[in-house]
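Trainee: Would you mind keeping the following structure in view while I ask a few things?
The values are calculated or read from the model by the stated rules, or taken from the named source; none is laboratory data. Just so we're clear, the structure is a prediction, and the values are computed from it rather than from any experiment. Cβ placement follows ideal geometry from the backbone for every residue including glycine, while neighbour counts extend to all protein chains displayed. The accessibility values were calculated without ligands, DNA or RNA, using every heavy atom of the protein model including side chains. Shrake-Rupley method; radii C 1.70, N 1.55, O 1.52, S 1.80 Å.
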Amino acid sequence: MKIVSPDQMKMMDRRAVEEGYFSSLRLMQNAAEGLYRSISALMEERGYSRVLLLAGGGNNGGDAYALAYLLHPLYQPAILQVDAPKSADCIYYAERCKELGIPLVSEPFGYDLVIDGVFGTGFRGELPQKVQDLFSKIDAPVVAIDLPSGMDGNSGCCSKGTLRPILTVTFAFKKPCHLLADCGEVVLADIGIPQKYADEIILQELTPVLPKRSLWGHKNSYGAVGLSVGSAEYSGAAALAIKGALQSGVGLVYADVPQEIKPALTKKFYGPIFKDGVCDARLVGSGLGRTTQAEETLKARLEDAVPLVIDGDGLFHLQKFLAPRSSLTVLTPHIGEFARLVGMDKKSLLQNRIAIAMEFAKKYNVILVLKDAATLVTDGMRAELLSAPCSALGKGGSGDVLAGLIAGMLAGKGEPFDLVKTAVWLHNRAAHSAAAEHSVYALQPEQIADYIDNAWMELEDGTF
């Protein structure tokens, strides 16, 4: 599913009108009909009858007026004008509501449901204080039209006072904010925009790809991965990376770990070969530490002519050596690590993470896995977002499992970008499978790794 920016959506709306698919007024009616389908179903399900629509002065407010027109009289709509109607289509539907006698109110109290139609995807900055004050009074469930007022449609960053909806109904295509921030349940309404308009759009929702695997293969058919991981202080990171690699389908795992942690790891795992070896892909960094020796290990690995995954402490040391490699490189930073790599503060990065990530990936010829509650995978030419948050992954060591899984999959055969994004999906699905049977409070990364098997089976069966 393609993901379009607010500006791209605005251009699509204008193009559809200019090419004669419908008028702008009909487009607003289409939006209202899409809203009506979702909101009336919600009200029937919950037994709601009284609904308040918060209307701004632009087209988002126009959608609210057009929706009120459809809701009358069955659901007893009332309208609270946050701003006077300004756009022509908004004025048109405000007049239709006036003709029907739909009441205008000044306070948001006493309603089963509140519809947020104040600001649309063009909103930037901070909510006006009067809007914050209004929103602070609302204690009913909220449904957002297109996106919650106060949320940036590109970044998902929110102004103080932004309401958290139970449902957001958006139109034609999802916007980045719907995957990067909490918009409640997101429903996509068809408003007649031709899907071909998105043919050139790069950003899309992440879709896993099952790697090919022959029944007649043997261990050497599926590659060998080498892991330069761990230190005396971080033996657990090494163990988690090894566990991720072992779940990847790779034929051989070489674990090049410090001597002092090797006895414990050899007791824990039977599969790995605890030495360096000839490999088809490598991982460096998980728990490696921030010593001079760790830096030298990264430097040596950067010279290897095989795909290289750099995670954790490897990313810390990479700042000194950041340059394009001739072989495939995969970086797996979380937001804080990436902010350090690009020399930005986190707040500024979050305002434009997708564009910055794509530019970085293209500049340094890497596949970037930018980890967060929603994870972005990009090589600068393609970009896919996985938005399936699971709080069980918010624990130290989760990234080590993922790094090992990615490296192991890259050691096998397949298109690298597909392998990387599929590893991200498998790791996330494993977390959700584990969370279905355990508390997210107690779940540990090693337990989640055990459920990668379940995720593989879902992918094989196509049941996800």
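Trainee: Is it true that some residue in the stretch 220-230 is buried (at least 17 other Cβ atoms within 10 Å of the Cβ), out of contact with any helix residue (DSSP H, G or I) (no Cβ under 6 Å at 6 or more places or on another chain) and at positive phi?
Mentor: no
Trainee: From the set of residues in the stretch 362-396 that are open to solvent by less than 40 Å² (accessible area, probe 1.4 Å) and of a type in the set (Gly, Ala, Ser), which is nearest to Leu349 (Cα to Cα)?
Mentor: The extreme case among them is Ala374.
Trainee: Please give the number of the condition Pro176 fails out of (1) open to solvent by 50 Å² or more (accessible area, probe 1.4 Å); (2) under 18 Å from the mean Cα position of the chain (by Cα).
Mentor: Of (1) open to solvent by 50 Å² or more (accessible area, probe 1.4 Å); (2) under 18 Å from the mean Cα position of the chain (by Cα), only one is false for Pro176: (1).
Trainee: Okay, next question. Would you point out which residue out of Gly314, Gly285 is buried (at least 19 other Cβ atoms within 10 Å of the Cβ) and at negative phi?
Mentor: Step by step, each of Gly314, Gly285 is checked, and only Gly314 is buried (at least 19 other Cβ atoms within 10 Å of the Cβ) and at negative phi.
Trainee: Could you go through the stretch 398-418 and let me know if any residue there is within 27 Å of Lys175 (Cβ to Cβ) and surrounded by fewer than 22 Cβ atoms within 10 Å (Cβ to Cβ).
Mentor: Yes, that holds for at least one residue.
Trainee: Could you give me the residue pairs with C-beta distances under 7 Å whose first residue belongs to the stretch 441-464 and is under 22 Å from Lys212 (Cα atoms) and open to solvent by 60 Å² or more (accessible area, probe 1.4 Å), whose second residue is outside any helix (DSSP H, G or I) and modelled with pLDDT of 95 or more wherever it lies, and which are 6+ apart or on separate chains?
Mentor: From residues that are under 22 Å from Lys212 (Cα atoms) and open to solvent by 60 Å² or more (accessible area, probe 1.4 Å), the pairs are Asp453/Gln247; Glu460/Leu210.
Trainee: What pairs come out if I take residues in the stretch 334-358 that are in contact (Cβ under 8 Å) with a residue 60 or more places away in the chain and within 17 Å of Gln319 (Cα to Cα) and pair them with residues that are of a type outside the set (S, T, N, Q) and open to solvent by 20 Å² or more (accessible area, probe 1.4 Å) whose C-beta lies under 6 Å away, six or more apart or interchain?
Mentor: Note: pairs meeting the criteria are His334/Lys371.
Trainee: Let me ask something additional. Can you name the helices (runs of 4 or more DSSP H) wholly within the stretch 390-464 that have at least 3 residues being in contact with a Lys or Arg (Cβ under 7 Å, 6 or more places away or on another chain)?
Mentor: Once the helices (runs of 4 or more DSSP H) in the stretch 390-464 are filtered for at least 3 residues that are in contact with a Lys or Arg (Cβ under 7 Å, 6 or more places away or on another chain), what remains is 398-411, 445-450.
Trainee: Quick one: in the stretch 38-75, which of the residues that are touching a Pro at 6+ places or on another chain (Cβ under 7 Å) and more than 12 Å from Val114 (Cα to Cα) is surrounded by the fewest Cβ atoms within 10 Å (Cβ to Cβ)?
Mentor: Among those residues, the one meeting the criterion is Gly57.
Trainee: Applying the selection to the stretch 1-37, what residues are surrounded by 19 or more Cβ atoms within 10 Å (Cβ to Cβ) and either part of a strand (DSSP E or B) or β-branched (Val, Ile, Thr) (or both)?
Mentor: Correct list: Ile3, Val4.
Trainee: Say whether the condition of being β-branched (Val, Ile, Thr), modelled with pLDDT of 95 or more, open to solvent by less than 60 Å² (accessible area, probe 1.4 Å) and not in a loop (DSSP other than H, G, I, E, B) is met by at least one residue in the stretch 150-163.
Mentor: no
Trainee: Is there a residue being modelled with pLDDT of 95 or more, under 20 Å from Asp379 (Cβ atoms) and crowded, with 24+ Cβ neighbours inside 10 Å anywhere in the stretch 293-304?
Mentor: Within the stretch 293-304, none of the residues are modelled with pLDDT of 95 or more, under 20 Å from Asp379 (Cβ atoms) and crowded, with 24+ Cβ neighbours inside 10 Å.
Trainee: Restricting the stretch 179-202 to residues that are of a type in the set (A, V, I, L, M) and under 13 Å from Ser387 (Cα atoms), which is least open to solvent (accessible area, probe 1.4 Å)?
Mentor: Here the answer is Leu179.
Trainee: Look through Val250, Val225 and report the one residue that is over 20 Å from Thr297 (Cα atoms) and touching a strand residue (DSSP E or B) at 6+ places or on another chain (Cβ under 6 Å).
Mentor: Result of the check over Val250, Val225: Val250.
Trainee: Counting just the residues of the stretch 76-97 that are under 24 Å from Gly110 (Cα atoms) and aliphatic (A, V, I, L, M), which one comes out surrounded by the fewest Cβ atoms within 10 Å (Cβ to Cβ)?
Mentor: My answer is Ala84.
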